[in-house]
């Protein structure tokens, strides 16, 4: 088994990181599209190569104590494969668009040096994913990992540098802070051309206060509806797969399901068949004490842990509980007095019953207002109108239909969302974006505007309906 080792090397000053990054970016910013794409492919191969994907996964689990090795291998490879698919062939250097009718030509330009703050829950997949997108725009990146995951980031950067050497790209295009330090990170936020922050909400808020352009993301707490017309077996299978993947490290994992009363019993039966264990009221209270021992903050001992470990910590003594793949608790309320309505970052699923979709959506919005504003929601249904109604009603950036939530929200080969590990939640969560992070967020665009035949509208074209309805 791989054991965690301290990240080697002393921290540089913010000046030194920036000096190196700017020198590397000045060279890289002159590269043509094909060479840029070679550098992006190099970063992708650094983590995708099977042996490296596994070593990074093993070190991540050993170092952080979060998640499951096999699932992290899958995440390292799947997210990288999907992201590279999205980036391949996408123009990001030189002329990227021509519109003769409007007389507009667009050139892509770098934003410069980007600080990327990364979480401990995805300590290799997230920095690699961000680095690919940032380099696609001919930028340099400085990675600031979680203190819990510095060794994993160090190994990833070692692999990236090895691959960048092959394509003749400067190593300083991808730097990292080997011993994470808040003062250095906050200084870099204030001095880099841009920051992108995933993880701690305190870091997200600091980036937005820095005075520099920033992208931060909100908290996940995904609610998923099981409608009466759903394919229940398919829904149960997908919910279970998603909830248990990497022991729920993903912010997109289902945190609550909202099941129509007509199919409530059958849905729970199918979830039990997928390995779910429905806690009794007494067991629910023991689980609550284990998750929130001080009544407020979620215990780190529970986050992304195997279900058997959670059962042990919570004193769930039955053989069924000890063998469970995930746990279910029934709930009716939401808000601070009902902590199971919030994000749990663990294989614990809160179950609600509903009779009317509009009433359920009202409760779901209240849950999201409490925790998870703007992030996402899902529904299992055969009714397109019901899915559209959910998307119309809820203040969320994504609504997934008949999908495993943790796999689909950040992009999937079977949906049209872009692959990412950084999902904006819009102004609802105080975020600057409401879409999936992409390379286009790391581009400046220059637009050449030419004279075209005038397009002056008539009064009738603009006010015709207004005049007909209200008069002049």
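Every number here is computed from the coordinates shown, using simple stated rules; none is lab data. Because the structure is predicted, anything quoted here is derived from the model rather than measured. Every residue, glycine among them, receives a Cβ derived from its backbone with ideal geometry; neighbour counts consider all protein chains shown.
Centroid-to-centroid, using Cα positions, the stretch 16-39 and the stretch 405-456 are 23 Å apart. Taking a ≥ b ≥ c as the square roots of the eigenvalues of the alpha-carbon gyration tensor, the stretch 95-239 is classed oblate because a/c is 1.5 or more while a/b is no larger than b/c.
For a test of the definition: using alpha carbon positions, the gyration tensor, and the 1.5 limit on a/c, classify the stretch 364-443 as rounded, prolate or oblate. Oblate, since a/c reaches 1.5 and b/c is not below a/b. In terms of other Cβ atoms within 10 Å, 245, 186 run from fewest to most in the order 186, 245. Panel note: the C-alpha atoms of the chain, placed on their principal axes, show extents of 75, 68, 36 Å (largest first).
Once a ≥ b ≥ c are taken as the square roots of the eigenvalues of the Cα gyration tensor of the stretch 198-312, is the result rounded (a/c under 1.5), prolate (a/b larger than b/c) or oblate (a/b not larger than b/c)? Because a/c hits 1.5 or more and a/b fails to exceed b/c, the stretch 198-312 counts as oblate.
For a Förster distance of 22 Å, can you work out the FRET efficiency between the beta-carbons of residue 182 and residue 158, rounded to the nearest 0.05? Computed FRET efficiency for residue 182 and residue 158 comes out at 0.35.
From least to most packed, judged by other beta carbons within 10 angstrom and beginning with the fewest, 208, 352 follow the order 208, 352. Here the stretch 222-420 yields Rg over Rh of 0.94, to two decimals, using C-alpha coordinates and the Kirkwood radius. Beta bridges per DSSP, both residues in the chain: antiparallel share near 25 percent. With Cα atoms defining each centre, the stretch 360-384 and the stretch 183-239 are spaced 17 Å apart in the structure. Going from the fewest other Cβ atoms within 10 Å to the most, the residues 289, 202, 346 appear in the order 202, 289, 346.
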